[in-house]
Every structure is written in structure tokens, then in C-alpha cells.
Amino acid sequence: MRLQDDYFAAYRSLKLTRDANGVLVAEFHSTADRSLSRRKIIRSLSMPFTGSRRTGRTRS
Amino acid sequence: MILTGAGGEFISEIDFSSFGNVADSGVWSQVHDEGVQILENLANIRVPVIAAIEGRAHVHSEYALLSSVIVAAEGATFHDVPHFTGGIVPGDGIFTAWSYRAGAGRAEAFLLNPQPLTARTAYEWGVVAEVVPNGTALRRARELAELYLKAPEVTRRNTRVHFMQPLKERIVREVGYGLSLEGASAADLVKSMQAKSEPVARKGKSA
């Protein structure tokens, strides 16, 4: 998780935290800018739950 | 998983300048590609997703509508600031998400004449599942998450997958096309703005 934490600390668009129960909280910045949809950010949203069961048109 | 916003808002504003020249085909091609992917990736989250909305969800409210359940504070409002009023097509998935959740008629009227929509109205439209006192949306979302966590992992995952499938199919069918239309309108808007500013610039030079 360390690398991911460092990675997201560098971005203002999205902050990810996980609570003691394992619930991931994704907090968007109140101002949307282009970085919100950058490839690495958008990958991060589904990656924690995607695992090996990827189906559909996921291209990330 | 919980989707929420910072500082008592969901997403309230947009920084258009961060997008660069949207009339440039290379720029829009990237916006198009990333715009499709962010929605597909939200749709591909394989656990129940709860949106906790406080304040303004005035930009990219479709991200919240890709949640399984939306908990909104009494003072929360939904809106579409960046598109039709600003001169561009609401093609990035906001129509797809709103028409899926609220019905096409409501979605079209909402997006053609965007006005802040209260949490209570969104509840009546079936978009919001629960309206809670201001400042408590995240807490309520955590309570729901704890409740969902009591179900087995495979059940949680497969229920989300099943519930999302119809919306996911619409996203795959509609959002790439919608973003192409949005891109054309954005390029046209830039062109008309440039045309308006040219005579002023010329006048400035000759003066």
C-alpha cells in the first residue's frame, strides 16, 4: 500500500483511504480538473477490486 | 467502497483551463479515451459502492450515479454546470447515468435546462436512496458498508456485478459516441469564440 499511498499523495484529484473494516473511501477534490481522468488515477479506482475476474471492456 | 467529496462538497467546480485546447483533435482524443475509461472503470468496481453526497454535486454527478446506493445530505444539490449551459453537449456519460436512474424524460429536461436539483427531488426521482441530515452522509454510508460487509465476499461482488450490468452495457454503447458529439460541440464553441475575439484583436492592432 505504501507505493500507492505515495502515488495518491501526489494527486489532488482523488484521495483514497481504507478504514479498519476494509472499506475504501475515495474522496474527490471539489474542483474537477483534467488530472481526475488521467490514466493512472482511473485505473486505481477499479484495480483494488478487479483481481483476476476482469470482464467486459476494461482496458486499464 | 464509498465515493465522496472533500470539504463538504462532492464536485462543485471544474477547471476548464486544465483541459487545454479542446478544439485540438489530439487533446480531445485523449479526453475521449480517458473519459470512456473512467466510467468503465467505475462500472467495473466489484464491490457495492455507496456515494455519500454533501453540498454540491454540480460536476460529474454521473460518478455518484454509478454507485449502487446514494446517500445525500438534506442540503445536497445535483446539477450539470459544464455542459449545455456552457455550450457543449452533455455527452460524457451524464445523460446515460441520469436517464438510467431517473428516466430519459427527466434526464433530458434536467440536462437541457440545468438547475440545482435538491436531494429531496433526487430522492423522489429514485436517484437518491436516502436523505440524511447535513454532515452525516459519510457516517450513514459507513453504516451501510458495515451492513454489506456481513454478506460473503462472492455475494457482495456478484451482486454488484449483476446490478451494474445493464448500466455498464449502456456506458459501453453510448459514452464513446456521446464524447465524440461533445468534442465536436467543444471545437465549434472554441471556433465561435475565436471568431468573436478576432475583430476586437484586429481593431486593437490598428488603433
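No value in this document is a laboratory result; all are computed from the given coordinates. These figures come from a predicted structure and were not determined experimentally. Heads up, the Cβs are rebuilt from the backbone with ideal geometry, glycines too, and the neighbour counts pull from every protein chain shown.
From helices alone, chain B scores -18500 deg cm²/dmol at 222 nm; the rule is -39500 (n - 2.57) for each run of n ≥ 4 DSSP H residues, then divide by the residue total. Under the combined filter of DSSP loop state and at most 12 neighbouring Cβ atoms within 10 Å, segment B:1-79 retains none of its chymotrypsin sites (Phe, Trp or Tyr not before Pro). Net charge around B:GLY178, counting only other residues with Cβ within less than 12 Å of its Cβ (Lys, Arg = +1; Asp, Glu = -1)? Charge balance in the 12 Å sphere: -2. Rounded to the nearest 20, the Cβ-based charge dipole of segment B:2-206 about its Cα centre (Lys and Arg +1, Asp and Glu -1) stands at 100 debye. Label separation (B:LEU181 vs B:GLU108): 1.0 nm, computed from points 7 Å beyond Cα along the C-beta direction. For segment B:5-56, just say rounded, prolate or oblate: build the C-alpha gyration tensor, square-root its eigenvalues into a ≥ b ≥ c, call rounded for a/c under 1.5, and beyond that prolate if a/b exceeds b/c, oblate if not. It is oblate, given that a/c is not under 1.5 and a/b is not larger than b/c. Amide H contacts of B:LEU117: B:PHE78, B:HIS79, each under 5 Å away and 5 or more positions distant or on a separate chain (H built 1.01 Å from N in the peptide plane; Pro and chain starts excluded).
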